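Shown next, in structure tokens, is the structure this report addresses.
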Amino acid sequence: MPTFNPIRVDLSILNEYENDTLCVDNFYVNGNVFFHTITKRITFITIASVPSRDKAMLSNELKSVLNFYEAKDYVITDVHADHEFQCIREDIRPIELDVYAPNDHVHEVE
């Protein structure tokens, strides 16, 4: 079950941009971890408070977001992420995971 509250995306937007890349990252506010995503083409953002950055949490949160898009018939073709997301590559197949170098960042989601 998603830990975020989705909002309705206008159908005309989804029809115009049927495929997209999802960029993901984690950030902190007052020591609390947040899982953050943004699509490159429509710049739709999700943010969820998460208790940790372990593999299970990263995988579950990303799958929840991917399921949200899939339920709306919106195709995420690939995911761009920092090196810490390498551990969930197999969990999201057949979607391709593009992992950036350890000292590089996914600019869209930073």
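The values are calculated or read from the model by the stated rules, or taken from the named source; none is laboratory data. Predicted model, so just to flag it, every value in this text is computed and none were measured. Here the Cβ positions follow ideal geometry from the backbone for every residue, glycine too, while neighbour counts run over all protein chains shown.
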Restricting the search to the stretch 78-97, which residues are in a strand (DSSP E or B) and over 12 Å from the mean Cα position of the chain (by Cα)? E96
Quick check: anything in the stretch 74-88 touching a strand residue (DSSP E or B) at 6+ places or on another chain (Cβ under 6 Å) and among the small types (G, A, S)? yes
Output the qualifying pairs, or none if there are none: Cβ atoms under 7 angstrom, residues six or more apart or on different chains, first residue in the stretch 53-82 and farther than 17 Å from C23 by Cβ and in contact (Cβ under 8 Å) with a residue 24 or more places away in the chain, second residue of a type in the set (S, T, Y) and in a helix (DSSP H, G or I). none
Within the stretch 55-101, which residues are among the acidic types (D, E) and modelled with pLDDT of 95 or more? E61, D78, E90, D91, E96, D98
Which one of the conditions (1) out of contact with any Ser or Thr (no Cβ under 9 Å at 6 or more places or on another chain); (2) surrounded by fewer than 14 Cβ atoms within 10 Å (Cβ to Cβ) does N26 fail to meet, given that it meets all the rest? (2)
I need the full set of residues from the stretch 42-59 which are out of contact with any helix residue (DSSP H, G or I) (no Cβ under 7 Å at 6 or more places or on another chain), surrounded by fewer than 18 Cβ atoms within 10 Å (Cβ to Cβ) and in a helix (DSSP H, G or I), in order please. A56
Within the set of pairs 6+ apart or on separate chains, which have a first residue in the stretch 12-31 that is within 19 Å of S64 (Cα to Cα), a second that is among the hydroxyl-bearing types (S, T, Y) and outside any loop (DSSP other than H, G, I, E, B), and C-beta atoms under 6 Å apart? N19/T77; D20/T39; L22/T37; L22/T39; V24/T37
